[in-house]
1. Can you tell which of Ala61, Ala48, Ala23, Ala29 is over 24 Å from Lys318 (Cβ atoms) and either modelled with pLDDT of 95 or more or hydrophobic (A, V, I, L, M, F, W, C) (or both)?
2. Here's a check for you: in region 192-209, which residue that is closer than 17 Å to Leu268 by Cα and in contact with an Asp or Glu (Cβ under 8 Å, 6 or more places away or on another chain) is surrounded by the most Cβ atoms within 10 Å (Cβ to Cβ)?
3. Consider Ser193 against the criteria (1) farther than 30 Å from Arg68 by Cα; (2) part of a loop (DSSP other than H, G, I, E, B); (3) within 19 Å of the chain's Cα centre (by Cα); (4) among the polar types (S, T, N, Q): it satisfies all of them except one. Which criterion is unmet?
4. For Ser129, work out the one condition from (1) touching a helix residue (DSSP H, G or I) at 6+ places or on another chain (Cβ under 7 Å); (2) closer than 28 Å to Leu290 by Cα; (3) among the hydroxyl-bearing types (Ser, Thr, Tyr) it doesn't fulfil.
5. Of (1) surrounded by fewer than 23 Cβ atoms within 10 Å (Cβ to Cβ); (2) in contact with a Leu (Cβ under 7 Å, 6 or more places away or on another chain), Ala277 satisfies all except one. Which?
6. Quickly run through region 45-99 and pick out the residues that are touching a helix residue (DSSP H, G or I) at 6+ places or on another chain (Cβ under 9 Å), among the polar types (S, T, N, Q) and either within 19 Å of Lys22 (Cβ to Cβ) or in contact (Cβ under 8 Å) with a residue 60 or more places away in the chain (or both).
7. All but one of (1) modelled with pLDDT under 95; (2) farther than 22 Å from Gly10 by Cβ hold for Asp84; state the number of the condition that does not hold.
8. Among the residues in region 56-65, are any part of a helix (DSSP H, G or I) and assigned by TED's automatic domain parsing to the domain that holds Ala315?
Amino acid sequence: MYRYIVISMGEAAGTSPEMILKAVNALSATFSGGVIVTGDEGVFSHTASDLSIDPCFAYIAENEEDLRAAEENGVQFIFYRSSDMDMSKFSYGKATADTGRAAYEALQAAVSIIQNGLGSCLVTTPVSSKALEKAGYEERSVFSLLSRFASSSRLINMIVAGKMNIFGLTHRRALSDALSSLTRENIIEALVSIDALKVSRFFDKEKPIAVCSLNPGDRDGEWTGPEESGIIIPAIEIAKRIGINVVGPISPESLFRHAAKGEYSAVLVMTASVGYAASAAAAPDESYMLTWGLPFLRLGIIGEAGLDDAGKGIASIKPMVTAVLEGLRLSEKDYMV
């Protein structure tokens, strides 16, 4: 039986359906695992027809019993129908309550499939917070939805970009809100959490965690803001005293030059935007998000829902292909702690 990678549709009116279809086609000739895509059949049929892409699915499953039978029969590429949208109301680039519900249901189905032993790894595509809001959900991101579906409130996201493993003190928050979270306690807590993950085979335990500065340094070697001397440096010193192998703060231009060479086991940045910028520069189209704290492996495509580019045939498949191949390569021993 194949080791199945489960891919959730994400925002139906964005570029995710196109990206998934193209990636499955690209993988079909050489892929040694299996793929299950959860989503709306109408959206995928519509996208495949408009963009002249072969759907490439050998079987469409209506429920998990159906899915189990397909797996037992060795079907490699399976579509799992998780919603039934009214396609007369569908438009590329238009996030609606319907597309929000479809994204929610696709991710919910994907998690259920894995939790019931029918898949081994989850690959997620971007959702639209606006569509989820219109659909009436409190959760507005894949991260918060995963926390709900997996009943876990202690999830940690990490950006994997080449040889860099990047953690953020905050995640997708306004800068003013992020700065309010910049406290000694929060930095220490983050370092303790990252250090606990280093028991996983994913990390090089001999290398230190590097902490990125918030402010640039001046010509005299001093920091241009008070956060380093008043918050970040004291937090690092406390972390060292409790046995954590950590260095910093280091300015971004120096830190990421060394991190890209694999000199650190992990990097902690003070704001998420710094981590996203570094990953985009170091490994464009090949970075992905890995979530710790779930009972299964989850790799997320980094980016927006792609509403402006939907239906144009220009979506890149590299992020999806990277995530699927990494999901197949990684084993439970790599990511379980």
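The values are calculated or read from the model by the stated rules, or taken from the named source; none is laboratory data. Please read these numbers as outputs of a predicted model, since none were measured by experiment. Backbone-built Cβ (ideal geometry, glycine too); neighbour counts: all protein chains shown.
1. Answer to the selection: Ala61.
2. Looking at residues that are closer than 17 Å to Leu268 by Cα and in contact with an Asp or Glu (Cβ under 8 Å, 6 or more places away or on another chain), I get Ile209.
3. (2)
4. Looking at each condition in turn, Ser129 falls short on (1).
5. (2)
6. Across region 45-99, the qualifying residues are Ser45, Thr47, Ser82, Thr96, Thr99.
7. The one condition Asp84 does not meet is (2).
8. Checking region 56-65: at least one residue is part of a helix (DSSP H, G or I) and assigned by TED's automatic domain parsing to the domain that holds Ala315.
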